[in-house]
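The values are calculated or read from the model by the stated rules, or taken from the named source; none is laboratory data. Predicted model only: the values in this text are computed from it and were never measured. In this analysis, Cβ positions are derived from the backbone assuming ideal geometry, glycine residues included, and neighbour counts consider all displayed protein chains. Remember, those area values only see protein heavy atoms, side chains included, never the ligands or the DNA or RNA. Shrake-Rupley method; radii C 1.70, N 1.55, O 1.52, S 1.80 Å.
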Amino acid sequence: MAPVSKNSTYRKIHFAVMAIEASAKKANMTGQEMHDRLKRQGLIHKRLFRHYDQLHIQSLEWVVDDTLETLRNWEQEERGTKQ
């Protein structure tokens, strides 16, 4: 049996991959494009990993909608601070 920390890490990575791929599909882009956008905003670690305990109990559809909305908001906020 694997140590809890490795199992927990695996579950978080698996969840993030599912969320990224499903979000990419809904946004009509590749998984790589979605990954790059999420990574640029820090959303993979700051949102999908850090809030795994709250997010993984939601439906995948809810997680996708939340991820896309958060990404749009964070990108818009970033553009606003650069102007």
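Quick look at the numbers
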quantity	calculated
Residues being touching a residue at least 24 places away in the same chain (Cβ under 8 Å) and aliphatic (A, V, I, L, M) - total across segment 28-60	6
Segment 24-83, residues that are within 12 Å of the chain's Cα centre (by Cα), β-branched (V, I, T) and farther than 21 Å from T9 by Cα	T70
Tabulated pairs, segment 61-83, first hydroxyl-bearing (S, T, Y), second open to solvent by 20 Å² or more (accessible area, probe 1.4 Å), C-beta under 8 angstrom, 6+ apart or interchain	T67/R47; T70/R47
Residue in segment 40-61 that is among the basic types (K, R) and not in a helix (DSSP H, G or I) present	yes
Test: L68 is surrounded by 13 or more Cβ atoms within 10 Å (Cβ to Cβ) and in contact with a Ser or Thr (Cβ under 8 Å, 6 or more places away or on another chain)	yes
